[in-house]
Amino acid sequence: MAPAPQGGALFLLSGPGAQWRVAQQSDQLRPMALESVTVPAAHNRGESVEVLLAQFTTGTASELRWQVGPGTDLAGRFRLADGADARSLGAHDEGDAFAFYAGVRPTGILRGEWDPDGATIIWAPEPELVVAGEGLDQKVTGFDSCGGSVWATVRTSLYRRTNGPLPAGSARWAEVFRDD
């Protein structure tokens, strides 16, 4: 065991029997969420690629950061709205695109698409799902893929995202279960 670094740190264990090492350190930023994702070859010019996605905060400002491939820096960045933070991250192969998701409180679910030309994630600034109500926050606690859809838990509800074109008046995200 080594002394803990000051500030926030992201540690890396490169394999069985290896020693933990500090992969990213900052005296101002603190990692809050972390997800490792494989972008399939079909969405990345014929070669799959590993993406490490994390959310960092300074207490007042937060941003999503990511690295592409092993041994690189978390150079990709997307600043979240002031006072917002992400506590859950996910990804899903949607057939025509590979999407990343961030459960951002208080704004809802943000979606980004993999850009193989820039080897980066392009995030939409507006949330795809906002659950409004008096005294409610957007605490998105998890994402998963099942049956060709991406699912998200928001507070005590389960939502499913519909991919592709939607009929007029249809919602992209539908609540499928709620525990009051």
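The values are calculated or read from the model by the stated rules, or taken from the named source; none is laboratory data. This one's a predicted model, so the numbers in the text were calculated from it and none came from an experiment. Cβ placement follows ideal geometry from the backbone for every residue including glycine, while neighbour counts extend to all protein chains displayed. The accessibility values were calculated without ligands, DNA or RNA, using every heavy atom of the protein model including side chains. Shrake-Rupley method; radii C 1.70, N 1.55, O 1.52, S 1.80 Å.
Conditions tested, residue by residue: (1) more than 19 Å from Val51 (Cα to Cα); (2) at pLDDT 90 or above.
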{"residue": "Ala84", "(1), (2)": "yes, no"}
{"residue": "Asp93", "(1), (2)": "no, yes"}
{"residue": "Asp117", "(1), (2)": "no, yes"}
{"residue": "Leu129", "(1), (2)": "yes, yes"}
{"residue": "Ala132", "(1), (2)": "yes, no"}
{"residue": "Val140", "(1), (2)": "yes, no"}
{"residue": "Cys146", "(1), (2)": "yes, yes"}
{"residue": "Leu158", "(1), (2)": "yes, yes"}
{"residue": "Arg161", "(1), (2)": "yes, yes"}
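Being in contact with a Ser or Thr (Cβ under 8 Å, 6 or more places away or on another chain) and more than 22 Å from Val150 (Cα to Cα) is a property that holds for Gly83.
For Ser62, the requirement of being among the small types (Gly, Ala, Ser) and either touching a Ser or Thr at 6+ places or on another chain (Cβ under 7 Å) or open to solvent by 60 Å² or more (accessible area, probe 1.4 Å) (or both) is not met. Just wondering, is there one or more residues in the stretch 114-122 that are among the hydrophobic types (A, V, I, L, M, F, W, C), out of contact with any Gly (no Cβ under 7 Å at 6 or more places or on another chain) and closer than 27 Å to Leu74 by Cα? For the stretch 114-122, residues among the hydrophobic types (A, V, I, L, M, F, W, C), out of contact with any Gly (no Cβ under 7 Å at 6 or more places or on another chain) and closer than 27 Å to Leu74 by Cα: present.
This table checks each residue for (1) assigned to a strand (DSSP E or B); (2) at pLDDT 85 or above; (3) under 28 Å from Ser145 (Cβ atoms); (4) open to solvent by less than 30 Å² (accessible area, probe 1.4 Å).
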| residue | (1), (2), (3), (4) |
| --- | --- |
| Phe11 | yes, no, yes, no |
| Gly17 | no, yes, no, no |
| Gln25 | yes, no, no, no |
| Met32 | yes, no, yes, no |
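I want to confirm something. Restricting to the stretch 102-126 and keeping residues that are in contact with a Lys or Arg (Cβ under 6 Å, 6 or more places away or on another chain) and of a type outside the set (Gly, Ala, Ser), which single residue is most open to solvent (accessible area, probe 1.4 Å)? The selected residue is Arg105. Considering only residues in the stretch 149-180 that are part of a loop (DSSP other than H, G, I, E, B) and in contact (Cβ under 8 Å) with a residue 24 or more places away in the chain, the one that is most open to solvent (accessible area, probe 1.4 Å) turns out to be Asp180. Ile109 meets the conditions (1) part of a strand (DSSP E or B); (2) within 17 Å of Ser36 (Cβ to Cβ); (3) of a type in the set (A, V, I, L, M, F, W, C) in every case but one. The failed one is (2). Of all residue pairs spaced 6 or more apart or on separate chains, those with beta-carbon atoms under 6 Å, a first member in the stretch 51-72 that is modelled with pLDDT of 90 or more and part of a strand (DSSP E or B) and a second member that is surrounded by 13 or more Cβ atoms within 10 Å (Cβ to Cβ) and not aliphatic (A, V, I, L, M) are Val51/Trp66; Leu52/Gln67; Leu53/Glu35; Leu53/Trp66; Leu64/Gln55; Leu64/Phe78; Trp66/Gly76.
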